[in-house]
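Chemist: Dropping a structure here in structure tokens format, bear with me for questions.
Bear in mind that the values in this text are calculations on the coordinates, not laboratory data. Only a predicted model underlies this, so the values are computations on that prediction, with no experimental measurement involved.
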Amino acid sequence: MPFTPFHFGPGVAIHSVAPKRVSFLAFCVANVLIDVEPLYYMLTDSMPLHRFFHTAIGATLVAIATVLLFAAYRWFTESTWMPDIFERRTPEFSAVVAGAVLGTYSHILLDSMMHSDAHPFAPFSDANPLLNLVSYDALHWACAISGILGIAVLAIRRFILRKHEA
């Protein structure tokens with residue numbers, strides 16, 4: 001993906017199907033954390049751009065870091081005077097884990113389909129059987145359409161809930 005927001009489309013779709021079981025915020029945080037790696041290499045003009053965090057092992061560590069960030073945030077807001085910007089609506093632990101895991105692994109899956117410097121199975125293999133599995137256009141459209149459909153499902157759910165509350 002040329003930049004992280006394309007990755008959010010599948011996240012919205014997944015979250016819309018199971019909003020209480022998958023944290024969209026954790027999904028997004030995990031995606032952004034993974035893309036810090038290629039951003040750093042772009043800024044330092046170093047190749048390849050997709051390295052350790054774009055592997056299964058690296059993505060697992062990013063998922064763990066994401067979960068730990070959410071746990072630290074929850075602990076910090078509960079044990080200090082600092083305000084909770086999410087108003088104590090932080091997602092359940094299991095939803096954060098699901099969002100972080102789905103976010104990281106979907107990220108390396110999508111990037112492996114379009115970036116020749118991504119090696120998702122490293123250090124065990126430099127092979128990338130996912131590369132060019134689908135065209136760039138098809139991949140971008142799939143991400144965009146899944147995001148639009150996910151937003152539509154969330155909007156319909158919200159509309160139905162409001163109607164039932166009235």
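Chemist: Using helices alone, I'd like the mean residue ellipticity at 222 nm for the chain: each DSSP H run of four-plus residues gives -39500 (n - 2.57), total over residue count, nearest 500.
Modeler: Calculated from helices alone, the mean residue ellipticity at 222 nm is -23000 deg cm²/dmol.
Chemist: Which whole-number percent gives the relative contact order of the chain, counting Cα pairs below 8 Å spaced six or more residues apart?
Modeler: Once divided by the residue count of the chain, the mean separation gives 35 percent.
Chemist: Provide Rg and Dmax in Å for the chain, with only Cα atoms included in the calculation.
Modeler: 17.4, 57
Chemist: Would you kindly derive the ³J(HN,Hα) couplings of the stretch 24-30 from the backbone phi angles with the Karplus curve 6.51 cos²θ - 1.76 cosθ + 1.60 (θ = phi - 60°), listing them in order in whole Hz, with x for Gly and Pro?
Modeler: Those phi angles translate into 5, 4, 5, 4, 5, 4, 4 Hz.
Chemist: Oh, and also: Each residue of the stretch 94-108 in turn: what ³J(HN,Hα) in whole Hz from Karplus with 6.51, -1.76, 1.60 and θ = phi - 60°, glycine and Pro shown as x?
Modeler: Residue by residue, the stretch 94-108 yields 5, 5, 5, 4, 4, x, 5, 5, 5, x, 5, 6, 5, 4, 5 Hz.
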